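Trainee: This is the structure I want to talk about, given as structure tokens.
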Amino acid sequence: MGIQEITPAKKYRVKKELNGEKQVLLWMEGRLTEQLDRLIKSGAYRNRSEAVTDAVHRLIEDRNREKKQKLRACQPRAFERSKD
């Protein structure tokens, strides 16, 4: 057995994994990928991965914010004295 060459793809994968990133394969509607590609072409994102990662971050932040708002709405309010 000879020495295996480390391909650029393998180096890239190892670098990402060392940064704590995981690869995710997903399928989405064609119209969504077309819109996604327009965002990339406009310069809003460098690539699909960056755009999808940003979208997931925003989704999680929105959900967390909604949960906090619901919790606050369920908490009893402090008794306020009237100024009479």
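Every number in this text was worked out from the coordinates using simple rules, so none of it is lab data. These numbers come from a predicted model, not from an experiment. Every residue, glycine among them, receives a Cβ derived from its backbone with ideal geometry; neighbour counts consider all protein chains shown.
Trainee: Rank by packing, highest mean first: peptides 43-52, 59-68, 19-28, with packing defined as the count of other Cβ atoms within 10 Å averaged across residues.
Mentor: 43-52, 59-68, 19-28
Trainee: Also, quick follow-up: Scan the chain and note any complete DSSP helix (H) whose C-alpha atoms cover at least 27 Å along its axis and whose Kyte-Doolittle average is -1.0 or more.
Mentor: Helices meeting the criterion: none.
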